[in-house]
Amino acid sequence: MRILLIEDEVKTSQSIKQGLEEEHFEVDVAYDGHFGLRLATTKSYDLILTDVILPNKSGLEVCRELRNMGKETPIMMLTALSVTDDVVTGLDAGADDYMTKPFEFKELLARIRNLMRRSSNGINTSNNAGNILRYLDIEMNLDTKGVWRGGKKVKLTSKEFALLEFFIKNEGKVVSKADIAENIWEVDFDTGTNVIEVYISYLRNKIDKDYPKKLIHTQFGKGYIFKAEHN
């Protein structure tokens with residue numbers, strides 16, 4: 001497994017590189033965002049770890065540009081910023097996970113393995129024709145990431161898409177914020193942030209707001225339920 005590490009702090013990058021190599025990963029290191037983006041677009045990696053604040057080009061810019069190019073390599077942000085807005089910005093740029101510095105290496109390793117496992121497992125579409133996921137008037141193409149409701153195309157970010165997919169596959173079940181965090185970001189739920197509420201709001205505005213039949217319902221004290229009727 002090959003990992004690209006984009007980190008300008010030499011001591012930190014050397015420590016992470018050494019730890020990952022001891023776990024039998026191959027690691028390339030870039031010390032600025034411009035070179036990191038160049039490596040990410042010219043070589044094949046199983047995972048990209050990037051700091052947010054970097055010389056020449058930020059980790060957010062690297063992530064956003066890779067996603068705009070159609071690169072689906074899992075990306076984890078390493079950041080000293082822990083404010084909710086900063087976390088949301090990173091995830092909205094297309095990152096799959098984030099860790100706030102300082103962190104324990106064993107936790108970083110667990111997160112890396114989770115992301116790689118999720119990427120290699122792919123998506124289960126056994127209950128739907130081909131790679132099309134349908135519920136009422138919603139249709140999701142799991143290959144092209146296209147979404148339509150009532151025949152109208154809906155533009156979703158990667159996280160919004162994953163959240164809608166999770167809801168459809170758990171239709172009629174109450175899912176907690178912890179369930180969502182574990183399945184969409186594969187992290188333990190942090191009660192100090194409102195990232196999940198923010199993304200629920202984003203998704204509601206895109207798939208529920210302009211339609212008479214609402215699908216995402218809040219179960220106070222429990223979580224959320226995705227269904228056509230709310231009892």
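The values are calculated or read from the model by the stated rules, or taken from the named source; none is laboratory data. Keep in mind the model is a prediction, meaning the values are calculated, not measured. As a convention, Cβ positions derive from the backbone with ideal geometry for all residues, glycine included, and neighbour counts pool all protein chains shown.
Among 207, 196, 216, which is the only one that is modelled with pLDDT under 90 and either assigned by TED's automatic domain parsing to the domain that holds residue 113 or surrounded by 16 or more Cβ atoms within 10 Å (Cβ to Cβ) (or both)?
Going through 207, 196, 216 in turn, just one is modelled with pLDDT under 90 and either assigned by TED's automatic domain parsing to the domain that holds residue 113 or surrounded by 16 or more Cβ atoms within 10 Å (Cβ to Cβ) (or both): 196.
When you go through (1) surrounded by 16 or more Cβ atoms within 10 Å (Cβ to Cβ); (2) at pLDDT below 85 one by one for residue 188, which number turns out not to apply?
(1) is the only condition that residue 188 fails.
What pairs come out if I take residues in the range 20-33 that are over 17 Å from residue 44 (Cβ atoms) and in contact (Cβ under 8 Å) with a residue 12 or more places away in the chain and pair them with residues that are of a type in the set (Gly, Ala, Ser) and in a helix (DSSP H, G or I) whose C-beta lies under 9 Å away, six or more apart or interchain?
31/13; 33/59
So that you can scan it fast, the table gives a plain yes or no per residue for (1) among the small types (Gly, Ala, Ser); (2) more than 17 Å from residue 67 (Cβ to Cβ):
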residue	(1), (2)
137	no, yes
140	no, yes
146	yes, no
167	no, yes
182	no, yes
194	no, yes
201	yes, yes
210	no, yes
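So which helices (runs of 4 or more DSSP H) are wholly in the range 37-131 and hold at least 2 residues that are modelled with pLDDT of 80 or more?
Counting at least 2 such residues, we get 59-68, 105-121.
Return only the number of the condition from (1) crowded, with 21+ Cβ neighbours inside 10 Å; (2) in contact with a strand residue (DSSP E or B) (Cβ under 8 Å, 6 or more places away or on another chain); (3) not acidic (Asp, Glu) that residue 37 does not satisfy.
Against the list (1) crowded, with 21+ Cβ neighbours inside 10 Å; (2) in contact with a strand residue (DSSP E or B) (Cβ under 8 Å, 6 or more places away or on another chain); (3) not acidic (Asp, Glu), residue 37 comes up short only on (2).
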